[in-house]
Amino acid sequence: MSQDILRRILDPASRADPYPLYEELRKTPVYRDGDGPYAISHYHDIRALLHDPRISSDPRNRTDVGNDPLADAEEEESTTLPTPFLRLDPPEHDRLRRMTNRPFGPPHSPHRVDSMRPELHTIVKDLIDGIGDPGDVDVVEQFSYPFPVTVICRLLGVPHEDESRFHVWADTLAASLDPDPDSDPDERAKVSQGARMELGMYLAGLIEERRKKPGDDMLSRLAAGGGGKGEDGPMSTMELLSTAALLLIAGHETTVNLITNGMLTLLRHPEVLADLRANPGLAVPLVEELLRYEPPVQLLPGRTALADIEVRGVTIPKGSTMWLVLASGNRDPERFEDPHRFDPYRKDIQHLGLGSGIHSCFGAPLARLEAQTALSELARRLENPRLVADPPPYRQNAVLRGPRHLRITCDGIRP
């Protein structure tokens, strides 16, 4: 490859359509340029590695640092709060994830997410009601950005009057995730760390309140020790802070992109949009196909080999960094028939859009329900929506890929 393809993938100019680059990358299933990371691009290889205990998510296990253009961003992100379980290995990862899951999902709280359906529908309804001029709508600013952070606030038990503060922190932290070569890196780091510190201090205060006066929210259950039973014990305050911040940051950004990518894809496929309007139940398989076709998380950087690992005849040495390019695997013709076609009626959609293995997306049930609710209601209520610009302007982030704005015009908004 004449120019390092990984740097071309990271180039913001490629953000609107990186899929031809992934196709080129798949020609070399285990790709490395010089001392850069090893990039894995085929579905079956990625899935096997996601389930391989010889792969670490903990950056402390890297010994061959090499030239990884995404390593610095990861290190900067982890300087204020303790390492979240997303970047830990067993047994620490398993303990924290197990404790967090008890008040969130099956088998201990099987109805937690499903019981939020009415509240999700109300939030979506209020956001669409508040759109204003249907002739000039920014789906990101007016809908897909505020929706997930409001949901996470309700899930954690953040008081309604404080939700606006979470929106500000989410905005600041989202901006810090995007590369910006024109800005002062020291100033960006200062602003980002300041927001993380403010978020941490606010959450610490809220945790203390919930310990004294618990409610029926997730933070109360965790703070009161409901997240820890038997050998797991209760979470420490610092572990609670790290976990709550992870739910806000990781849960928010991925869902914003899932909903925005979904609306963009529907506007590019008006026949599917019409089908969804006529049959809201289509939202369930449609979201699964979106997670394959336009996944919000394009690649997982920062995975480390804990031993020499052979992939397709190539030995990846112990301590080496890997990128698992999920979006490439999702379009792998070895796995999916006609992979570049968007087809919610596809019979087999075992995608990598939410990862797989022990680090599969913790918030997957909620993200799915949010996207299903959002897209089915947008399809039902927006009259004749059309794109103003295609492609829309994209955020610069190559890992969390989605439009920065999605401007549309509609003939009206149905009640």
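The values are calculated or read from the model by the stated rules, or taken from the named source; none is laboratory data. Worth saying up front: this structure is predicted, and the values here are computed from it rather than measured. For neighbour counting, all protein chains shown are included, and Cβ atoms are generated from backbone atoms with ideal geometry for every residue, glycine included. Please note that ligands, DNA and RNA were not included when accessible areas were found on the heavy atoms of the full protein model with its side chains. Shrake-Rupley method; radii C 1.70, N 1.55, O 1.52, S 1.80 Å.
Of note:
- Residue check, residue 304 outside any helix (DSSP H, G or I), open to solvent by less than 10 Å² (accessible area, probe 1.4 Å) and either polar (S, T, N, Q) or within 18 Å of residue 120 (Cβ to Cβ) (or both): yes
- Enumerated helices (runs of 4 or more DSSP H) restricted to region 12-100, each holding at least 1 residues that are under 30 Å from residue 224 (Cβ atoms) and at pLDDT below 90: 71-77
Residues are listed down the side, and each one gets a yes or a no for (1) in contact (Cβ under 8 Å) with a residue 24 or more places away in the chain; (2) over 21 Å from residue 149 (Cβ atoms); (3) open to solvent by less than 30 Å² (accessible area, probe 1.4 Å):
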residue	(1), (2), (3)
334	yes, yes, no
340	yes, yes, no
351	yes, yes, yes
359	yes, yes, no
365	yes, no, no
391	yes, yes, no
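- On inspection, residue 376 qualifies as more than 25 Å from residue 96 (Cα to Cα), open to solvent by 10 Å² or more (accessible area, probe 1.4 Å) and touching a residue at least 12 places away in the same chain (Cβ under 8 Å).
- Cβ-Cβ contacts under 8 Å between residues 6 or more apart (or on different chains), taken from a first residue in region 139-151 that is free of Cβ contacts under 8 Å to residues at least 24 places away in the same chain to a second residue that is assigned to a helix (DSSP H, G or I) and open to solvent by 10 Å² or more (accessible area, probe 1.4 Å), are listed as 142/127; 146/127; 146/167.
- Taken together, the criteria exclude residue 168 from residues that are open to solvent by less than 70 Å² (accessible area, probe 1.4 Å) and under 27 Å from residue 401 (Cβ atoms).
- Selection within region 307-320: residues that are in a strand (DSSP E or B) and at pLDDT 95 or above. The member of this set that is surrounded by the fewest Cβ atoms within 10 Å (Cβ to Cβ) is 310.
- Residue match in region 261-268 (condition: open to solvent by 10 Å² or more (accessible area, probe 1.4 Å), at pLDDT below 95 and part of a helix (DSSP H, G or I)): no
- Selection within region 393-415 - under 19 Å from residue 125 (Cβ atoms) and open to solvent by less than 60 Å² (accessible area, probe 1.4 Å): 408, 410, 412, 413
- Set 114, 136, 94: member being open to solvent by 30 Å² or more (accessible area, probe 1.4 Å) and over 20 Å from residue 362 (Cβ atoms): 136
- Residues of region 26-47 that are more than 21 Å from the chain's Cα centre (by Cα), among the small types (Gly, Ala, Ser) and surrounded by 15 or more Cβ atoms within 10 Å (Cβ to Cβ): 36 alone.
- Among the residues of region 194-208, the one identified as crowded, with 16+ Cβ neighbours inside 10 Å and farther than 15 Å from residue 166 by Cα is 207.
- If the condition is being of a type in the set (Gly, Ala, Ser) and either part of a helix (DSSP H, G or I) or in contact with a strand residue (DSSP E or B) (Cβ under 9 Å, 6 or more places away or on another chain) (or both), then region 185-228 contributes 189, 192, 194, 195, 200, 204, 205, 220, 223.
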